[in-house]
Each structure stands twice: as C-alpha cells, then as structure tokens.
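I have placed the structure first, in the form of structure tokens, so that the comments after it can refer back to it.
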Amino acid sequence: MIRHAPLLEIGAGTGFWARLLHDRGADLIASDPRIERLHFEHARYAVPGRWWDLQGKTAVRRWPERNIFCSWPSLNKTWLRQAAKAMRPGRVLLCVVEDATADERTWDYIEAGPFEKIASLELIGWHSCHDRLVAWKKRGTR
C-alpha cells in the first residue's frame, strides 16, 4: 500500500491505519468528519499535523493528486461513493472491506463504473471476519 503514496485516508476513524502507515514511512493525510465532535479520544492514533476534520468528498477535492485509502467504509452510507466520484482519473482507490461495508450502490458504481480492479489481497483477521484489501484505478482522462 505504501507504494501508492502519497495517500489520503478518508473515514479515518481513530486513526489506527493512518498511524500504522505513517510509522512505516507512508506520506499520508487522514480525514474524518467526526474528529472535532469526538476530540482526542476519537483520534487517539492521529498523526499531529496530518489530520483533518473533513468529509471524504471534500478531502478528495482538496488533495486531488493523492491516492485514496479507506478502511471499512460505513455500512449503508454513501460517502465512499461520493468521494470515488470526486476522484480524478488515474488515481487509485484502496479499500479494506468485508461483507458489511458501504452500500450496494457504492460497490455497483465502483465495480461497473469508471474503475478497474488492479489488486485484491485477503487479510488475516478475526475468525468471523473476511477482510480484504482491494485496489481500483479510476479510468479516463481529465
């Protein structure tokens, strides 16, 4: 995943993935719209100076040259699809997903829309989870 840096993590939650990737040398900016409401407790892993209180689509538009990373997009929510639509062609979308993430229209848009799957990797996790890291590249030119 680090080879796709610079990265923008959207929906970063506690910042666990952001800290993990940052500590391994990735150039990463993290964002989550809940950070200001939940204060430091929510972002306990956040990297100082690399954390923003922004919706995914807004963050994608602010840093259009970065590839996007998202882990476990919220079930039945549309913010990942909105962010994917805002991405520039040529950018890579990397997601940690399992069966209960985002909404069906998001996956329909990504799988049948302007994205090409370039990688998929099963992740070691808990017994009942089937996490995988999937990467797509947005087709087209601007």
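The values are calculated or read from the model by the stated rules, or taken from the named source; none is laboratory data. This is a predicted model, so every value here is computed, not measured. FYI the Cβ positions are ideal-geometry reconstructions off the backbone, even for glycines, and counts take in every protein chain you see. With ligands, DNA and RNA removed, areas are computed over all heavy atoms of the protein, side chains included. Shrake-Rupley method; radii C 1.70, N 1.55, O 1.52, S 1.80 Å.
Points to keep in mind about this one:
- Within the stretch 74-103, residues that are closer than 18 Å to Arg61 by Cβ reach partners that are of a type in the set (S, T, N, Q) and open to solvent by 20 Å² or more (accessible area, probe 1.4 Å) with beta carbons closer than 7 Å, at six or more positions or on different chains, in the pairs Trp79/Gln55; Pro89/Thr141.
- Taking first residues from the stretch 115-139 that are under 18 Å from Leu80 (Cβ atoms) and at pLDDT below 95 and partners that are outside any loop (DSSP other than H, G, I, E, B) and polar (S, T, N, Q), the Cβ contacts under 9 Å between residues at least 6 apart in sequence or on separate chains come to Asp131/Ser71; Arg132/Ser120; Leu133/Ser71; Leu133/Ser120; Val134/Ser120.
- One residue stands out in the stretch 7-23 among those that are open to solvent by less than 60 Å² (accessible area, probe 1.4 Å) and out of contact with any strand residue (DSSP E or B) (no Cβ under 7 Å at 6 or more places or on another chain): the one that is modelled with the lowest pLDDT, namely Thr14.
Here is a yes/no grid of residues against (1) open to solvent by less than 30 Å² (accessible area, probe 1.4 Å); (2) more than 18 Å from Ile10 (Cα to Cα):
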{"site": "Gln82", "(1), (2)": "no, no"}
{"site": "Met87", "(1), (2)": "yes, no"}
{"site": "Leu93", "(1), (2)": "yes, no"}
{"site": "Val96", "(1), (2)": "yes, no"}
{"site": "Arg105", "(1), (2)": "no, yes"}
{"site": "Ala112", "(1), (2)": "no, yes"}
{"site": "Ala119", "(1), (2)": "no, yes"}
{"site": "Leu123", "(1), (2)": "no, yes"}
